[in-house]
Amino acid sequence: MIKTDILIIGAGPTGLFTVFEAGLLKLKCHLIDALPQPGGQCSEIYPKKPIYDIPAYPEILAGDLTDKLLEQCKQFEPGFTLGERAETIDKQDDGTFIVTTNKGTKHHAPVVAIASGLGSFEPRKPLIHNISDFEDKGVEYIIKDPELYRDKKVVIAGGGDSALDWSIFLSDVASEVTLIHRRNEFRGHLDSVEKVQELKNKGKVNLITPAEVIGILGARKVKGVVVKQTQHIEKEFEIECDHFVPLFGLSPKLGPIANWGLEIEKNAIKVNNALDYQTNIPGIFAIGDGNTYPGKLKLILCGFHEATLMCQAAYQIINPGKRYVLKYTTVSGIDGFDGTRKEAPKAVVKKIE
Amino acid sequence: MEQDINITIIDRDGVAHNIQAPTDMAMNLMEVVRSYELAPEGTIGICGGMAMCASCQCYVNSNHELPEMQDDEEAMLSEAFNVKENSRLGCQIQMTPAMEGLEVELAPES
């Protein structure tokens, strides 16, 4: 059982900044995220896109914002449960919560902060009539353990970075890699595209374009796929394989949180914005893009503000009646949980002769 | 102020909405749909309008001359589902006076 003060669901910008604000109040945080890396949308959808409305940053790439937030909160030693989705929440008799992920990891905290944005990212599944029959029987939408493909024949479908990157990686692991995409052009980093071109020329990756997988063959597990190619004349053929990995990106879904008894409006969690961004369940807060209230704006900078106020309310729940006044970091510095201290250099007092 | 234009949007339940869209606020079709709440929040414009998610895919029924498709839109549509000949990403269609009378249908959520 993982124990913490504030359990944050969602490791996007709002969740990461919560770690910093909580740390100033000596509260420890742990974050759960369905994605394998922190940063949320900023890392998953648009890491290379510039953002222009982060205060004091005239321009910052979304990926760099994630790195800066991680650096800023590092001394408060956040814990992470990554690649797992928060599934259930159970309120204990003492008012604390136990949150369990889809993999069974349990987290115990007196305060839960839902910073889940538009939801947890689920793979987009191609519309192939019999695909669901083969899920986890040779069809995988996310590559978790590349070793699964060692000396196997793999067909990958998709035209973005993940399809390219995994084709490159698996060309050294699998016995055969085939990449299928609907067009000849790929939407990915130029060096990845060039690398796949090189592997194709060397015969290490079979490239089939413009084409798509329209059926899956096999009895209890994948034995092959049916491919429709549309270059010059349309033709259909079969490719023998052990695994079919469609990589068509991820789309956010509110998911199991919808069943937690929270008041939901417009796919977002209703909160009290006059006070502390608490939901209808005391002890559970919702901050960032995933909440709603009159006048709500889905902006990163609004998430930062919401996180800051929420942490004050969390402090009161965790330390009932304990006195505290807001301190400025310029005055008090920052004492990390790792023993580090950051502070303003002392002013020099020196006599002028 | 420039004139609003009249456009028709058929939502995912097949209901047609005749609405007015401003042409002087640099709005695109996806944003117009959101401003009228014709699709539930969180099911359209997920990437914010960067042609990176295809959640605003629509079918253009009228014969308007649309802005030419850029590489990123074409690439995104090549990975999207339920794509037809007349598919476009709503976020790439700007509201201009030339769009008067436009009729589009929102593609299913995927």
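Bear in mind these aren't lab numbers, they're just calculated from the coordinates by the rules spelled out. Note that the structure is predicted; figures quoted are calculated from it, not measured. Note that each Cβ is placed from the backbone with ideal geometry, even for glycine, and that neighbours are counted across all protein chains shown.
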Over the range B:73-110, the set of residues charged (D, E, K, R) and within 17 Å of residue B:31 (Cβ to Cβ) is B:73, B:88
Restricted to the range B:50-67 and to residues being surrounded by fewer than 19 Cβ atoms within 10 Å (Cβ to Cβ) and assigned to a loop (DSSP other than H, G, I, E, B), the residue nearest to the other protein chains (Cβ to nearest Cβ) is B:50
Does residue A:199 satisfy the condition of being buried (at least 22 other Cβ atoms within 10 Å of the Cβ), in contact (Cβ under 8 Å) with a residue 24 or more places away in the chain and over 27 Å from residue A:79 (Cβ atoms)? no
Pairs returned, first residue in the range A:52-71 that is free of Cβ contacts under 8 Å to residues at least 24 places away in the same chain, second residue that is of a type in the set (Val, Ile, Thr) and surrounded by 10 or more Cβ atoms within 10 Å (Cβ to Cβ), beta-carbon separation under 7 angstrom, 6 or more apart or interchain, are A:60/A:51; A:60/A:54; A:62/A:51
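Just for the range A:115-133: of the residues that are touching a residue at least 40 places away in the same chain (Cβ under 8 Å) and facing chain B (nearest Cβ under 9 Å), which one is surrounded by the fewest Cβ atoms within 10 Å (Cβ to Cβ)?
Going through the qualifying residues, I end up with A:125.
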Quick count over the range A:285-328, residues being of a type in the set (Ser, Thr, Tyr), in contact with a helix residue (DSSP H, G or I) (Cβ under 9 Å, 6 or more places away or on another chain) and over 12 Å from residue A:22 (Cβ atoms), is 1
Looking across the range B:17-49 at residues that are away from every other protein chain (no Cβ under 13 Å), surrounded by 13 or more Cβ atoms within 10 Å (Cβ to Cβ) and of a type in the set (Gly, Ala, Ser), the single one that is farthest from residue A:187 (Cα to Cα) is B:21
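Would you be able to tell me the number of residues in the range B:92-109 that are within 14 Å of chain A (Cβ to nearest Cβ) and buried (at least 16 other Cβ atoms within 10 Å of the Cβ)?
The first filter runs over the range B:92-109 and keeps only residues within 14 Å of chain A (Cβ to nearest Cβ), leaving B:107-109.
With buried (at least 16 other Cβ atoms within 10 Å of the Cβ) added as a condition, the list becomes B:107.
The number of residues fulfilling the criteria is 1.
When the residues of the range A:252-270 are filtered to those that are closer than 20 Å to residue A:123 by Cα and surrounded by fewer than 21 Cβ atoms within 10 Å (Cβ to Cβ), which remaining residue is farthest from the other protein chains (Cβ to nearest Cβ)? Walk me through it before giving the result.
The initial filter retains those residues of the range A:252-270 that are closer than 20 Å to residue A:123 by Cα, namely A:252-258, A:267.
From the residues that got through so far, the ones that are surrounded by fewer than 21 Cβ atoms within 10 Å (Cβ to Cβ) too are A:253-256, A:258, A:267.
On the way: A:253: 9, A:254: 7, A:255: 12, A:256: 15, A:258: 11, A:267: 4 Å.
Here the residue is A:256.
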In the range A:141-166, anything part of a helix (DSSP H, G or I), under 20 Å from residue B:78 (Cα atoms), more than 14 Å from every other protein chain (Cβ to nearest Cβ) and not aromatic (Phe, Trp, Tyr) is listed as A:165
